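The values are calculated or read from the model by the stated rules, or taken from the named source; none is laboratory data. What you are looking at is a predicted structure, and each value in this text was computed from that prediction instead of being measured. When we count neighbours, we look across all protein chains shown, and the Cβ atoms used for this are built from the backbone with ideal geometry, even at glycine.
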Amino acid sequence: MDEHSELLNQLYSLQKVGIKLGLERTNRLFRKLNNPEKGLKFIHIAGTNGKGSVCSIIAKALENAGFKVGFYSSPHLVSLRERFRINGKAISWKELSSLITDIWPTVKTMIENRDYVTFFEATVAIAVKYFKNTKCDFVLWETGMGGRLDSTNIVSPVITAITSIGLDHEQFLGETVEKIASEKAGIIKKNVPVFVGKMDPESLSVIKRTAETKKAQLFSIKGTEIDFSRHLDKENLISGWNFKIKNKKHVYFLPLSGAIQPLNLKLSYIMLKYLSEKYSFSLHVALKGIEKLRWPGRIQLLPDGKILDGAHNPQGIDEFVQTVKSCCPQSKFTIIFGCMKERNPANALKILSEISERFIFVPINTIRPFYPPENILKICSETVPTIPAEKVASSSDALKLAEDIGSKTVIVGSFYLAGEILQQYYTLDKIIDI
């Protein structure tokens with residue numbers, strides 16, 4: 001990787017620009033790159049939670065149906081390469097370096113003219129050029145933040161989807177679910193079908209109004225008749241879901257164990273059904289491909305029995321807690337927790353207290369600002385004072401302490417923390433290739 005480090009440092013230097021929502025700069029960047037997004041079939045997916053899972057399900061299904069499928073996602077767990085996948089395989093360092101080299105003169109010229117390209121905008125451009133150069137049949141296109149002003153919204157998709165609405169990134173998207181729904185609904189395009197997951201009435205009303213204004217046909221999971229049964233492992237712990245379409249004989253398998261995953265699967269199913277009819281491929285073959293899916297860091301059972309999840313906002317953490325309670329109804333856990341600076345630890349600790357017998361707070365090994373463990377410890381003493389808590393210097397120290405304590409353990413609070421933990425159990429390829 002040494003020969004690539006200078007190029008990566010160039011790219012990462014853009015992080016100092018920070019987050020700048022808006023499409024004007026992305027439009028200028030793409031025009032200077034000769035609009036590489038033209039001609040690709042994008043499946044654009046937004047949502048507070050679940051969008052990565054839905055993207056991964058559809059990507060694996062389309063791959064099994066015989067298509068070459070690009071998948072852009074963010075953030076990454078352990079390597080920037082994860083953001084750019086084709087048929088589940090992450091981009092190579094050589095290909096990534098070539099693409100950074102390709103776009104950098106344009107980025108540099110814009111910066112010299114005080115048109116400051118962000119890190120996220122640059123990765124969006126890299127993704128589009130990669131999928132265009134490799135002639136992908138479809139591109140699963142996950143929004144970063146929001147939708148309306150997100151750089152991914154530069155494309156003209158063949159379908160769009162919104163998985164769920166909850167409070168997240170309120171400082172950028174708004175303080176109410178209605179405002180957040182309005183931002184997510186910004187990906188809806190004129191005459192392009194939009195698919196929605198389970199929504200609260202207020203959010204759904206906002207999305208319906210936007211769809212009507214754009215003359216976009218709206219499809220909902222309501223009334224989608226799929227029977228689910230939990231697929232238990234030998235210890236009745238984290239597993240997946242068997243599912244069967246009503247009036248069909250085949251039983252399929254979704255290897256994602258979260259309690260929310262049946263809803264994600266329903267949304268994926270109605271999207272795949274539409275695509276199979278529009279592009280003439282076997283829906284059965286596509287659904288069979290889902291059983292091959294790997295999606296690390298999402299309610300994942302680690303080799304030593306610890307449970308890992310990247311949940312980081314109230315909705316995601318609550319769904320995580322409900323899943324753990326359904327699998328282990330009588331259990332309490334040691335919880336290793338760390339979060340980023342923009343999060344609200346008090347809310348997270350209140351939710352996690354339902355399954356906690358002890359907290360261990362950790363720093364997160366990232367250049368982005370994280371919540372100092374000593375600050376979380378103080379918040380914990382004020383929020384859930386009856387639960388013992390302590391801080392440690394690193395995630396490896398937290399894992400060792402949890403082993404010494406000897407209780408069941410979960411790790412939650414951030415995708416960055418999840419990535420840090422995964423590297424202590426698996427090789428890079430095991431994490432980044434799905």
Note to self: aliphatic (A, V, I, L, M) and either farther than 21 Å from Gly223 by Cα or outside the structural domain of Thr160 (by TED's automatic domain parsing) (or both): which single residue out of Leu256, Leu265, Leu275 fits that description?
What the structure shows: Leu256
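Residues are listed down the side, and each one gets a yes or a no for (1) farther than 16 Å from Phe119 by Cβ; (2) assigned to a helix (DSSP H, G or I); (3) not hydrophobic (A, V, I, L, M, F, W, C):
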{"residue": "Gln10", "(1), (2), (3)": "no, yes, yes"}
{"residue": "Lys16", "(1), (2), (3)": "no, yes, yes"}
{"residue": "Arg31", "(1), (2), (3)": "yes, yes, yes"}
{"residue": "Pro36", "(1), (2), (3)": "yes, no, yes"}
{"residue": "Ile43", "(1), (2), (3)": "yes, no, no"}
{"residue": "Thr48", "(1), (2), (3)": "yes, no, yes"}
{"residue": "Gly52", "(1), (2), (3)": "yes, yes, yes"}
{"residue": "Cys55", "(1), (2), (3)": "yes, yes, no"}
{"residue": "Ala61", "(1), (2), (3)": "yes, yes, no"}
Checklist line | Positions within the stretch 86-127 being touching a residue at least 60 places away in the same chain (Cβ under 8 Å) and either out of contact with any helix residue (DSSP H, G or I) (no Cβ under 9 Å at 6 or more places or on another chain) or at positive phi (or both), in sequence order | finding: Gly88
Check: When Ser73 is evaluated against the numbered criteria (1) surrounded by 18 or more Cβ atoms within 10 Å (Cβ to Cβ); (2) of a type in the set (S, T, N, Q); (3) at pLDDT below 95, which criterion, by number, is the only one it fails?
Finding: (3)
Notebook entry, point to check: Ser5: in a helix (DSSP H, G or I), loosely packed, with under 15 Cβ neighbours inside 10 Å and at negative phi, yes or no?
Noted result: yes
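Would it be correct to say that Ile360 is over 29 Å from Gln15 (Cα atoms), outside the structural domain of Gln15 (by TED's automatic domain parsing), of a type in the set (Val, Ile, Thr) and more than 24 Å from the chain's Cα centre (by Cα)?
Values: over 29 Å from Gln15 (Cα atoms): yes; outside the structural domain of Gln15 (by TED's automatic domain parsing): yes; of a type in the set (Val, Ile, Thr): yes; more than 24 Å from the chain's Cα centre (by Cα): yes.
Yes: the conditions hold for Ile360.
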Next item on the list: Output the residue which, of all residues in the stretch 302-319 that are among the aliphatic types (A, V, I, L, M) and either free of Cβ contacts under 8 Å to residues at least 12 places away in the same chain or in a loop (DSSP other than H, G, I, E, B) (or both), is surrounded by the fewest Cβ atoms within 10 Å (Cβ to Cβ).
Entry: Leu302
Next item on the list: Answer yes if at least one residue in the stretch 345-355 is at pLDDT 95 or above, among the hydroxyl-bearing types (Ser, Thr, Tyr) and in contact with a helix residue (DSSP H, G or I) (Cβ under 7 Å, 6 or more places away or on another chain), and no otherwise.
Entry: no
Next item on the list: Confirm whether Ser395 is within 29 Å of Leu80 (Cα to Cα) and either modelled with pLDDT under 95 or in contact with a helix residue (DSSP H, G or I) (Cβ under 7 Å, 6 or more places away or on another chain) (or both).
Entry: yes
Notebook entry, point to check: Would a scan of the stretch 31-46 turn up a residue that is farther than 29 Å from Lys189 by Cα, of a type outside the set (Gly, Ala, Ser) and loosely packed, with under 15 Cβ neighbours inside 10 Å?
Noted result: no
Checklist line | Members of the stretch 220-261 that are within 18 Å of Leu283 (Cα to Cα) and within 22 Å of the chain's Cα centre (by Cα) | finding: Ile221, Phe253, Leu254
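Those residues that are not in a helix (DSSP H, G or I) and not basic (Lys, Arg), I need them from the stretch 282-301; list them, please.
Applying the first criterion (not in a helix (DSSP H, G or I)) to the stretch 282-301 yields 282, 293-301.
Those that are not in a helix (DSSP H, G or I) and not basic (Lys, Arg): Ser282, Leu293, Trp295, Pro296, Gly297, Ile299, Gln300, Leu301.
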Next item on the list: Scan the stretch 363-380 residue by residue and report those that are closer than 16 Å to Lys391 by Cβ and under 22 Å from the mean Cα position of the chain (by Cα).
Entry: Pro363, Ile364, Asn365, Phe370, Tyr371
Margin query: If a residue must be in contact with a Pro (Cβ under 8 Å, 6 or more places away or on another chain) and among the hydrophobic types (A, V, I, L, M, F, W, C), how many such residues does the stretch 148-164 contain?
Written below: 1
